[in-house]
Amino acid sequence: MILDSLDVSQDAFETGTGWEIKPEGACKGDVCIPLPSPPEAGRVDVESIADQMGLPLVGDPERSVWALGPESVGARTLLSAQAPELRLPDLNGNQFTLSSLRGSKVVMVAWSPY
Amino acid sequence: MWQAFREDVADQGVEIVTVALETTGAEACRQFIEAANPAHPSLIDQYHKSAELFGFVNIPNAVWIDEDGMIVRPSEPAPAPPSMKADRPNIFADLVPPQRLLDIMGEAVKIRSNPAAYEAALRDWFTNGSQSQFAMTPDEVVNRSQPRSADEARGQANFELAAHFEANGDHDAAIPYYREAHRLTPENFSYRRQAWSLEPNELDGPVARFWQGPAVGAEDAWPYEGDWLSDVKAMGAENYYPEFKAEQA
């Protein structure tokens, strides 16, 4: 998740990371990470929550931009077999949502022009 | 080839989604996508977000997802179906290959891949669904998904920052973050290929992206520790892709 500020709304944090703030902590599917200092008033202090959740925060302070990386709590890419949501544009900028293909088998193939 | 395969299996309730991992964005992908003219979703992933979420670490890699949105095979090498005709433009036509490209091709032929076995597995899953020997349980899927240590997670954050600078046209700002991503994710080859492919060499156009190493005579200007040819020789081309396995050993 790319950030231009270390103070973000809870909505932006949840959409950007896939982690939902709940009374029991930050949760993704069945996995919850307890938050001793949970966000208040719908604002998330990114440095604090990254520290509490073990999320890497890499900054380029000179350019005022940061990247908040993914969790490593399960030591694997997937915490569950439930496919994460993925929203990406096509060649013409039309947004596509992976979950729109529920009901079909999906083979998702990564390629590159290099 | 995925487009032809899709037409062939369209009546089996299957959809193909192709995702282009490319930090410079759509234009670098346009020629290939327009030549394939896919009817399936063909997406541009400038930040390699799908790779972070699903564990793509080289190209081509794929995941299988069932009708309920459950992953039944995590990311693994996914050779294009050999029974289908090719639809990629031949960007090497009319090129007298320089020695480096000949050397790359010499290594590439040693790379292990079993496209026929992979296509047969796909077709078995399309027919048999969760009863297919190739469809894994949720626990197997999680356990066989790509490892992610704290260092690798930090490497992914560094790569995302590099992609951000690249997307904003600041290639020089991206380089140190590509380098740090490479250092922290030693098993990830697409992060390397992406960065290597953006450095200049004596070729022009799409074929130049496959040079992936120092330009002749400008070795000192190369900003990365490795390059495709040196790294593949060091690891052994036969180890470039892990072997396709039906089930957990």
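Output the residues belonging to the stretch B:69-93 that are facing chain A (nearest Cβ under 7 Å) and either assigned to a loop (DSSP other than H, G, I, E, B) or farther than 21 Å from B:PHE244 by Cα (or both).
Scanning the stretch B:69-93 gives B:GLY69, B:ALA78.
Name the single residue, out of those in the stretch B:153-169 being more than 7 Å from every other protein chain (Cβ to nearest Cβ) and closer than 16 Å to B:GLY55 by Cα, that is farthest from the chain's Cα centre (by Cα).
Of everything passing the filter in the stretch B:153-169, B:GLY155 is farthest from the chain's Cα centre (by Cα).
Name the residue, out of B:ALA195, B:ALA215, that is more than 9 Å from chain A (Cβ to nearest Cβ) and assigned to a helix (DSSP H, G or I).
Selected residue: B:ALA195, the only one of B:ALA195, B:ALA215 that is more than 9 Å from chain A (Cβ to nearest Cβ) and assigned to a helix (DSSP H, G or I).
Report yes if B:GLU27 is without any contact (Cβ under 8 Å) to a residue 40 or more places away in the chain, in contact with a Ser or Thr (Cβ under 7 Å, 6 or more places away or on another chain), within 11 Å of chain A (Cβ to nearest Cβ) and among the charged types (D, E, K, R), otherwise no.
The answer is no for B:GLU27.
Among the residues of the stretch A:37-53, is any touching a Gly at 6+ places or on another chain (Cβ under 6 Å) and farther than 21 Å from B:GLU166 by Cα?
Among the residues of the stretch A:37-53, not one is touching a Gly at 6+ places or on another chain (Cβ under 6 Å) and farther than 21 Å from B:GLU166 by Cα, which makes the answer no.
Could we say that B:GLU140 is acidic (Asp, Glu) and either within 7 Å of another protein chain (Cβ to nearest Cβ) or under 19 Å from the mean Cα position of the chain (by Cα) (or both) here?
no
Which of the residues spanning the stretch B:122-137 are of a type in the set (D, E, K, R) and either touching a residue at least 12 places away in the same chain (Cβ under 8 Å) or facing another protein chain (nearest Cβ under 10 Å) (or both)?
Matches in the stretch B:122-137: B:ARG123 only.
I'd like to verify a number: residues in the stretch B:182-192 that are polar (S, T, N, Q) and either within 20 Å of B:ASP103 (Cβ to Cβ) or assigned to a helix (DSSP H, G or I) (or both), how many?
Counting residues in the stretch B:182-192 that are polar (S, T, N, Q) and either within 20 Å of B:ASP103 (Cβ to Cβ) or assigned to a helix (DSSP H, G or I) (or both) gives 1.
Scan the stretch A:40-87 for residues that are more than 27 Å from B:GLN146 (Cβ to Cβ) and either facing chain B (nearest Cβ under 9 Å) or surrounded by fewer than 19 Cβ atoms within 10 Å (Cβ to Cβ) (or both) and jot them down.
Of everything in the stretch A:40-87, those that are more than 27 Å from B:GLN146 (Cβ to Cβ) and either facing chain B (nearest Cβ under 9 Å) or surrounded by fewer than 19 Cβ atoms within 10 Å (Cβ to Cβ) (or both) turn out to be A:GLU40, A:ALA41, A:GLY42, A:ARG43, A:ASP45, A:GLU47, A:SER48, A:PRO61, A:GLU62, A:ARG63, A:SER64.
Out of the residues in the stretch B:35-67 meeting the condition of being more than 8 Å from chain A (Cβ to nearest Cβ) and under 13 Å from the mean Cα position of the chain (by Cα), tell me which one is nearest to B:ARG112 (Cα to Cα).
Ranking the candidates gives B:ASN58 first.
Can you pull out the strands (runs of 3 or more DSSP E) entirely within the stretch A:1-100 that have at least 2 residues that are modelled with pLDDT of 95 or more, in contact with a helix residue (DSSP H, G or I) (Cβ under 6 Å, 6 or more places away or on another chain) and closer than 24 Å to B:VAL142 by Cβ?
In the stretch A:1-100, A:20-22 are the strands (runs of 3 or more DSSP E) which contain 2 or more residues that are modelled with pLDDT of 95 or more, in contact with a helix residue (DSSP H, G or I) (Cβ under 6 Å, 6 or more places away or on another chain) and closer than 24 Å to B:VAL142 by Cβ.
Can you find even one residue in the stretch B:176-183 that is more than 8 Å from chain A (Cβ to nearest Cβ), surrounded by fewer than 23 Cβ atoms within 10 Å (Cβ to Cβ), of a type in the set (Lys, Arg) and over 24 Å from B:ILE65 (Cβ atoms)?
yes
Which residue pairs have Cβ atoms closer than 8 Å, lie 6 or more positions apart in sequence or on different chains, and pair a first residue in the stretch B:214-229 that is among the charged types (D, E, K, R) with a second residue that is modelled with pLDDT of 95 or more?
B:GLU225/B:ARG179; B:GLU225/B:HIS182; B:GLU225/B:ARG183; B:ASP227/B:TRP196; B:ASP227/B:GLN212; B:ASP227/B:GLY213; B:ASP227/B:PRO214
Quick one: would you say A:TRP111 is within 17 Å of B:GLU52 (Cα to Cα), touching a strand residue (DSSP E or B) at 6+ places or on another chain (Cβ under 7 Å) and in contact (Cβ under 8 Å) with a residue 24 or more places away in the chain?
No; evaluated as a whole, the condition is false for this residue.
For the stretch B:48-68, name all the residues that are farther than 18 Å from B:GLU243 by Cβ and outside any loop (DSSP other than H, G, I, E, B).
If the condition is that a residue be farther than 18 Å from B:GLU243 by Cβ and outside any loop (DSSP other than H, G, I, E, B), then B:LYS49, B:SER50, B:ALA51, B:GLU52, B:LEU53, B:PHE54, B:ILE65 are the ones that fit.
When the residues of the stretch B:5-34 are narrowed to those that are over 21 Å from B:SER50 (Cα atoms) and more than 20 Å from the chain's Cα centre (by Cα), which ends up modelled with the lowest pLDDT?
Looking at residues that are over 21 Å from B:SER50 (Cα atoms) and more than 20 Å from the chain's Cα centre (by Cα), I get B:ALA10.
Would you be able to say whether some residue in the stretch B:25-45 is polar (S, T, N, Q) and surrounded by fewer than 19 Cβ atoms within 10 Å (Cβ to Cβ)?
yes
Would you mind finding the one in B:ARG123, B:ARG179, B:ARG209 that is under 28 Å from A:THR17 (Cα atoms), of a type outside the set (Asp, Glu) and assigned to a helix (DSSP H, G or I)?
B:ARG179
The values are calculated or read from the model by the stated rules, or taken from the named source; none is laboratory data. Owing to the predicted nature of the structure, the values given are computational and were not obtained by experimental measurement. Don't worry about glycine lacking a Cβ; one is built from the backbone with ideal geometry, like all the others, and counts go over all protein chains shown.
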